[in-house]
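Nothing in this text is a laboratory measurement; each read-out follows from the coordinates by a stated rule. Note that the structure is a prediction, hence the values are computed from the model and not measured. No Cβ is skipped: glycine too gets one built from the backbone with ideal geometry, and neighbour counts run over all protein chains shown.
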Amino acid sequence: MLQRRTRARSPVPSRCLAAVLAIPSLVMGLAACGAEDSGSESAATSGATDTPHGYVEGAEEATEPQLRLAAVDADSGGITLADLLTGDPMDTPAEPDGEESAVLKTSDGRFLFTTDDTAVTVTDTGVWTVDHGDHNHYYRSDASQVGTVDGDTPGHVVSNASQVAMFFDGDGAVKVFPRQGLGDGELTEDISFDVGAHHGVAVPFEDHVLTTVPGADDEELPGEISLYDGSGGEASGELTGETTCPEIHGAAGLRDHVAFACGDGVLTVDDDLTGTVTPYPRDADGRAWSLVAGRDLVAAPFEDGGLGVFDPDSGEWQVAETDAPVVSAAVAPDDSSVFAVDEDGVGYVVDADSGEVTAQRQVVDGGGDTTPSVVLTRERGYVSDPAAGTVAELDVRDNLREARSIDVGGHPAAIAVTGDK
């Protein structure tokens, strides 16, 4: 997540249209259109059998994705939730009780991971999608706080489909948790090991964990990565190719790659555990300090302006020009586009294949103490307005036209949309 510096009736798609678009099986979509109830149904009564197909205990099953907007306040660290299907506010988990304000480190489509100086807090937003291959199941339940993980100066948190890795800068501890357990309200470590204190990051990948390791004493940022196995033992002998690059800061986990932002390029590791360093493009305006994960692509905001889109498979870059440095970016779920906002509050939609800016307009006032944050879903883009205490829902296919404004109050520093995976 990039953290440099951070309105109207909604044309919410009908349940029928959303179901057809979101479910791979057209038959499933049309069946959903025929249902009389536009909301969700109890999973315990949604079929003829005692235990219906796809049943999840304690949750309601729905006929379409149950999307929720989460906003984290810059001052209190409190989380505000809103139902994106209705626009209504929702009950939220308890406010943080620490002295330090919490910061949203990441969201993985269901869970939020916030940190202060002493712990990582995991929040279940209560909505998710289960992929059954030829169709999906959509669920909702009450939002809840799963728990906290104490540690010395929590840093980056990276989640994939099966695991969550937390890195603690103060002592270099890496703690990995099974993601399935979080849904059951459990925080039980899978793996735990130390690599030495530094500002680093760990990424779960291919039954291993890739992590940065400390450099020389005079180096503020790491310049090398290492590999650990499923028991927490070092397995660097399995890691081949290039494993070093200067000043690593920022990482992204993709389907078949892990990418790290370095001082002079991007270090990627593929599913064969082979490392490759690809230089930044010649027209890059400075290095990237953060990478934003798509499915198979990464977005890289360059420090002095412009946005790079990198394909690890081909090693090719696409570069879009921006009028000011980008402060937040998001990649579409299908990798088709990138939505970004710069420090002046100008929003951009970038075609990922060509780097062409297909839409550009002022979406929020710039220059405030808290920078805006963006999210991109299958249908809409969202951008927070920290000064107004609102989040704008935008049509990224219609020149960033504002579809509605959602009042979340306070000063939303970071936002996420959950429920679609």
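Brief remarks follow.
- The residue that is surrounded by the fewest Cβ atoms within 10 Å (Cβ to Cβ), among those in region 304-347 that are among the hydroxyl-bearing types (Ser, Thr, Tyr) and not in a loop (DSSP other than H, G, I, E, B), is Ser337.
- Scanning region 150-188 for residues that are β-branched (Val, Ile, Thr) and not in a strand (DSSP E or B), we see that the one that is surrounded by the most Cβ atoms within 10 Å (Cβ to Cβ) is Thr153.
- Residue in region 130-149 that is among the small types (Gly, Ala, Ser) and crowded, with 21+ Cβ neighbours inside 10 Å present: no
- All conditions in (1) surrounded by fewer than 21 Cβ atoms within 10 Å (Cβ to Cβ); (2) over 18 Å from Gly172 (Cβ atoms); (3) out of contact with any Asp or Glu (no Cβ under 9 Å at 6 or more places or on another chain) hold for Gly230, with the sole exception of (3).
- Residue under evaluation Glu206, criteria (1) out of contact with any Leu (no Cβ under 8 Å at 6 or more places or on another chain); (2) within 20 Å of Thr268 (Cα to Cα), criterion not met: (1)
- Any chance Thr240 is closer than 15 Å to Gly275 by Cα, among the hydroxyl-bearing types (Ser, Thr, Tyr) and buried (at least 22 other Cβ atoms within 10 Å of the Cβ): no
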